[in-house]
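Reading through the structure tokens given below for one structure.
The values are calculated or read from the model by the stated rules, or taken from the named source; none is laboratory data. Model, not experiment: these values are computed from the prediction. Cβ: placed from backbone, ideal geometry, glycine included. Neighbour counts: every protein chain shown. Please note that ligands, DNA and RNA were not included when accessible areas were found on the heavy atoms of the full protein model with its side chains. Shrake-Rupley method; radii C 1.70, N 1.55, O 1.52, S 1.80 Å.
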Amino acid sequence: QVQLVESGGGLVQPGGSLRLSCAASGSIFSINGMGWYRQAPGKQRELVTTITSVGNIIYADPVKGRFTTSRDNAKNTVYLQMNSLKPEDTAVYYCNAVVQPSSRARSNIYWGLGTQVTVSS
């Protein structure tokens, strides 16, 4: 089994910053893409950003220029640095990863349980 654990969420004022982390553990042979999604109350889950194992990155338009993702492949960890936060960034943030559990196994998508980010004065 593979587990993803997010951390770093919390309450921050508009204009502030937060850094989220997501660590993958368990049966891991390789990890391809890792990403962050978010879900606000009453809305569908939406993509925030994804990063491949070689560092190719995609950002959703609402976060371009404010959020930065990175990953440490040696630690199976992905990060999300969020700056200039706005109230509309309030959501539960989920990380996911495309993990190959062993050399002979197919890759599967795994999700963390999420971490709450609240932007409010």
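Scanning segment 17-32 for residues that are open to solvent by 20 Å² or more (accessible area, probe 1.4 Å), touching a residue at least 60 places away in the same chain (Cβ under 8 Å) and closer than 16 Å to Thr68 by Cα yields a total of 3. Of the residues making up segment 56-87, those that are more than 10 Å from the chain's Cα centre (by Cα) and open to solvent by less than 40 Å² (accessible area, probe 1.4 Å) number 6. When we screen Ser25, Ser17 for residues that are within 20 Å of Gln1 (Cβ to Cβ), among the hydroxyl-bearing types (Ser, Thr, Tyr) and out of contact with any Leu (no Cβ under 6 Å at 6 or more places or on another chain), the only hit is Ser25. Of the residues making up segment 33-45, those that are touching a Leu at 6+ places or on another chain (Cβ under 7 Å) and open to solvent by 50 Å² or more (accessible area, probe 1.4 Å) number 1. Considering segment 2-16, the residues that are surrounded by fewer than 18 Cβ atoms within 10 Å (Cβ to Cβ) and over 19 Å from Gly35 (Cα atoms) include one that is nearest to the chain's Cα centre (by Cα), namely Gly10. Taken together, the residues in segment 24-55 that are under 10 Å from the mean Cα position of the chain (by Cα) and either of a type in the set (Gly, Ala, Ser) or under 17 Å from Asp72 (Cβ atoms) (or both) amount to 6. Within segment 99-115, if we keep just the residues that are open to solvent by less than 50 Å² (accessible area, probe 1.4 Å) and hydrophobic (A, V, I, L, M, F, W, C), the residue that is farthest from the chain's Cα centre (by Cα) turns out to be Ala105. Exactly one residue out of Ser21, Ser103 is hydroxyl-bearing (Ser, Thr, Tyr) and at pLDDT below 95, and it is Ser103.
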